[in-house]
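Written below as structure tokens is the structure these notes are about.
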Amino acid sequence: MRTKVAIIGSGPSGLLLGQLLTNAGIDNVILDRVNKDYILGRVRAGVLEEGMVGMLDRAGAGARMHKEGLPHDGFSLAFDGRDHRLDLFGLTGKRVMVYGQTELTHDLMDKREATGGVTIYDAGNVAPHEFDVASPYVTYEKDGVTHRIDCDFIAGCDGFHGVSRKSVPESALQTFERVYPFGWLGILADVPPVSHELIYANHPRGFALCSMRSETRSRYYIQCALDEKIEDWSDERFFDELRRRLPVEHAERMVTGPSFEKSIAPLRSFVAEPMRFGKLFLVGDAAHIVPPTGAKGLNLAASDVHYLFDGLQEYYSEKSAAGIDAYSSRALKRVWRAVRFSWSMTTLMHRFPDTGEFGQKIQEAELDYLVSSKAASTALAENYVGLPY
Ligand code: RFL
Ligand code: PHB
């Protein structure tokens, strides 16, 4: 088989890139090591920046998001027993969209099917080859047979644990990493959200986040130790702990109910540089990971796709390599700003092993400054709604 762009990974990065290429008449094939249901079973991001919303529209897959997504004009920072609203729209003129990654992935898969895009699921041992020379190709196994796809370019959209980044010689790659000494225990439950906007809570017992997927479905998280076991967390214990970390007016109003998903996610910041090796591009989580505190991971995947798609389109329509040559540096500039923001939100909101009473007071003083200074609130809001691409 031959195609122009072989895309490894059918997560949001791969699907978005694939759809923009298909819409522009540029052939592409997506390969994923798992099947559609498995991908749609992963519960992840929930907050989309306007840039991501625009990218989904550009792909022609935004209709359901505009109908069912919840535009949010602000969120709350809770600390020292009180709640402080950050007016995102008033401070920046922008809002965010609350719409689950699962739904967005579903919409992109439907669009791909409707426009005849090729996706090969359950592809075993996917491997990129010869990407440092003129004629790269990808191999994979399916039903016991090895297949080969020749292509012009390979897009590594296969997430943090994927094969693309691992295929690059170690000497060609510089990595930067911070692993945080805690995780997030998250649940999904069909109960109305405790508040119509998100609440990010700093508490001496640890961070808590009240998010949602709809007006009847809540997504709640609490900071937990990395060695915590899911089995030890009944729904009742989870809600008790969540309530203890929230201002009393929210704790009293919280509706509880059985969860239907419960998982622990570790927190990490990671960047691999550069994001291009000859004909192979790293996109989204394959190149970088941020802790979820700033809600930036999925949104960074969208800006990477924006830069790469522009470069590929320019290559095919104008025979110019300027855009693809600039991909890594353009993408990394925005990546590092988001890495900084996610790290600072994580540092500000969580209890670290050495936080102690002094650290707690410092966090509260910083939060107090953030919510009472217009300059500081604006800087936070500007980063949260997303820096321009
Ligand atoms: P994905 O979604 O990991 O998709 C990669 C795909 O590649 C496939 N794959 C392979 N295919 C073939 N061969 C191989 N060897 C392969 N290895 C892997 C996988 O099966 C998969 O289908 O990466 P992508 O597309 O770059 O998307 C990134 C986002 O998923 C991620 O950044 C976000 O989910 C991060 N994130 C959040 N981001 C936000 O912008 N806002 C949020 O509110 C937000 N909340 C979150 C989050 C991530 C979380 N977790 C669990 C990590 C909340 C959580 C709890
Ligand atoms: C979510 O709804 O899953 C979510 C929202 C905001 C974040 C992280 C996750 O910062």
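The strands (runs of 3 or more DSSP E) found entirely in the range 188-288 that carry 2 or more residues being surrounded by 15 or more Cβ atoms within 10 Å (Cβ to Cβ) and more than 16 Å from ligand 2 (Cβ to nearest atom) are 259-273, 280-282.
Out of the residues in the range 289-300 that are within 17 Å of residue 158 (Cα to Cα) and open to solvent by 10 Å² or more (accessible area, probe 1.4 Å), state the one that is farthest from ligand 2 (Cβ to nearest atom). Among them, the one singled out is 289. Restricting attention to the range 205-237, the residues being within 16 Å of ligand 1 (Cβ to nearest atom), more than 24 Å from the chain's Cα centre (by Cα) and within 26 Å of residue 99 (Cβ to Cβ) number 0. Answer yes if at least one residue in the range 356-379 is open to solvent by 10 Å² or more (accessible area, probe 1.4 Å), among the β-branched types (Val, Ile, Thr) and under 17 Å from the mean Cα position of the chain (by Cα), and no otherwise. No, the conditions are met nowhere in the range 356-379. Among the residues of the range 253-260, is there at least one that is over 20 Å from residue 6 (Cβ atoms), out of contact with any Phe, Trp or Tyr (no Cβ under 8 Å at 6 or more places or on another chain) and of a type in the set (S, T, N, Q)? No.
Cβ-Cβ contacts under 8 Å between residues 6 or more apart (or on different chains), taken from a first residue in the range 106-129 that is in contact (Cβ under 8 Å) with a residue 40 or more places away in the chain and charged (D, E, K, R) to a second residue that is assigned to a helix (DSSP H, G or I) and surrounded by 16 or more Cβ atoms within 10 Å (Cβ to Cβ), are listed as 107/56; 107/65; 111/19; 112/15; 112/18; 112/19; 112/22. Within the range 15-23, one or more residues are of a type outside the set (Ser, Thr, Tyr) and open to solvent by 10 Å² or more (accessible area, probe 1.4 Å).
The values are calculated or read from the model by the stated rules, or taken from the named source; none is laboratory data. Given the structure is predicted, the values throughout are model-derived calculations rather than measurements. When we count neighbours, we look across all protein chains shown, and the Cβ atoms used for this are built from the backbone with ideal geometry, even at glycine. Surface accessibility is based on the protein's heavy atoms, side chains included, excluding ligands, DNA and RNA. Shrake-Rupley method; radii C 1.70, N 1.55, O 1.52, S 1.80 Å.
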